[in-house]
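The values are calculated or read from the model by the stated rules, or taken from the named source; none is laboratory data. Quick caveat, the model's predicted, so the values are computed rather than measured. A quick note on method: Cβ atoms are made from the backbone with ideal geometry, for glycine too, and the neighbour counts reach across all protein chains shown.
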Amino acid sequence: MAKLNLSLKGIEVSKPSSGYALVPEGTYKVVVGKTEAKETKSGGGAVILGYQIVEGEHEGKLIKDFINVVNANPEASRIGMQRLATVAFATGFKGTEIGDSDELVNLEPFEVVVTVKDDGEYKNNNVKAILVTRDVSAKPAPTKPATKKPWA
């Protein structure tokens, strides 16, 4: 071991970065850069999508989109699933079932409309809309139903 004799008094500790950065309000061309599944405080489930900006001044930065997909309120679940389906369609995802949220990573770019939310203590980005920039007449190819039960 090396003896240091250093004082940490008065040194500001930086918070670890999640990779997400505040970007100005606007419309950004993005791909899904990373995903995370998370249990909510109420015992439900959410998917957090990190949209990576692919062009412009903020290229490379991530914007977080928290999508509530399992909730005691059926309407909240429906809205979350509809949003996730919109993202899947916007990315060009070819299936009708998503086994893992990482299946959406690095597919076709699409656009998101971002606002800045200020709750007085923190400023965060809020994804207000997902813009489908590909041909909306194209439908995902149907997938065959599973022949084996997941728990079997």
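If you go through segment 73-93 and keep only what is touching a residue at least 12 places away in the same chain (Cβ under 8 Å) and among the β-branched types (V, I, T), you end up with T86, V87, T91.
Note on segment 53-78: among residues that are within 9 Å of the chain's Cα centre (by Cα) and not hydrophobic (A, V, I, L, M, F, W, C), the one that is surrounded by the fewest Cβ atoms within 10 Å (Cβ to Cβ) is K64. The strands (runs of 3 or more DSSP E) located wholly in segment 1-104 that include 3 or more residues which are modelled with pLDDT of 90 or more and among the charged types (D, E, K, R) occupy 26-39.
Quick check: is even one residue across segment 85-103 of a type in the set (D, E, K, R) and under 23 Å from T27 (Cβ atoms)? Within segment 85-103, not a single residue is of a type in the set (D, E, K, R) and under 23 Å from T27 (Cβ atoms).
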